[in-house]
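First the structure, in the form of structure tokens, and then the observations on it.
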């Protein structure tokens, strides 16, 4: 039996309460979509070691904390953040593409030319209020896509470590001993798995998880709820991160690769000087022993190199959001 009669749902007071709660619910769902896009694919949040229930609870908890600060109109703070030259007016070039249509409406309402500058009094971004379920779904998809792009950029960056391990193992001749890497959903070599775990530890030690969450929270200031979009600058950054990830993988594997090149040259000279020497029998254990020794000596520098790149990569993602 219901604790209240069903006709009370249609009372004017109930209808007013439901109407006032609708903006909060829409804002909460949009925040959940943007956070969910990041935490689903972004390392280390996407690790299967973190249960799905824990990730869902984390998304909901963060959304409960963020939503109250976004439901009100904070156009003044957004105005000062977009005003890069701090001249007190907002030029057309300073308005992000998702807000260009809104800025045009604000100029028209104020009776200004379409390319006129906006003052703080004229700049007022209305909260996105979907009128139909289809509009709400479109807004949720856009918010989820923005978070997904951030998580993808983070995943591309972290994948440099397994790639470096695979390059090292191929040179050592032990690449056949591959194991399944649940974090990336693919097979990985032993050294690749070790470097991946090392990278996750270093990422957490330097506070990369806090930096990426901070960047996502700040994205609500430049792209308010309902105005999210994946800009061309963000797509170009993802393409650049693929190249940077490959370069970082080669840098990490460089000490071992250089040493094994010298070892291979030395074995070739020894094989020419002593034809009776079986290079295949002697070469494999020598390459493995020397390679593992250099890998152990260079492990600290590998971690330092990755630690230096973490804040730089996250800053690139943040800059791409602000240039949207």
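Across the range 283-296, which residue is farthest from residue 165 (Cα to Cα) among those that are out of contact with any helix residue (DSSP H, G or I) (no Cβ under 7 Å at 6 or more places or on another chain) and either touching a residue at least 12 places away in the same chain (Cβ under 8 Å) or surrounded by 15 or more Cβ atoms within 10 Å (Cβ to Cβ) (or both)?
Within the range 283-296, the match that is farthest from residue 165 (Cα to Cα) is 284.
Do you know which residues across the range 238-276 are loosely packed, with under 14 Cβ neighbours inside 10 Å and over 43 Å from the mean Cα position of the chain (by Cα)?
Hits for the range 238-276 are 266, 268, 269, 272, 273, 274, 275, 276.
Within the range 49-59, count every residue that is assigned to a loop (DSSP other than H, G, I, E, B) and surrounded by 11 or more Cβ atoms within 10 Å (Cβ to Cβ).
1
Would you mind stating whether residue 164 is on the phi < 0 side of the Ramachandran plot and modelled with pLDDT under 75?
No; evaluated as a whole, the condition is false for this residue.
Looking at residue 77 and the list (1) surrounded by 15 or more Cβ atoms within 10 Å (Cβ to Cβ); (2) at pLDDT below 70; (3) in contact with a helix residue (DSSP H, G or I) (Cβ under 9 Å, 6 or more places away or on another chain), which single condition is not satisfied?
(1)
Could you tell me whether the range 136-151 includes any residue that is more than 20 Å from residue 310 (Cβ to Cβ), part of a loop (DSSP other than H, G, I, E, B) and modelled with pLDDT under 85?
no
Can you confirm whether the range 6-27 contains a residue that is closer than 16 Å to residue 57 by Cα and at pLDDT 60 or above?
Within the range 6-27, not a single residue is closer than 16 Å to residue 57 by Cα and at pLDDT 60 or above.
Answer yes if at least one residue in the range 122-135 is outside any loop (DSSP other than H, G, I, E, B), modelled with pLDDT of 70 or more and crowded, with 18+ Cβ neighbours inside 10 Å, and no otherwise.
For the range 122-135, residues outside any loop (DSSP other than H, G, I, E, B), modelled with pLDDT of 70 or more and crowded, with 18+ Cβ neighbours inside 10 Å: absent.
When you go through 228, 320 one by one, which is the residue that is assigned to a loop (DSSP other than H, G, I, E, B) and closer than 24 Å to residue 148 by Cβ?
228
The values are calculated or read from the model by the stated rules, or taken from the named source; none is laboratory data. What you see is a predicted model; the values in this text were computed from it and never measured. Because the Cβ atoms are built from the backbone with ideal geometry, glycine has one as well, and the counts that use them run over all protein chains shown.
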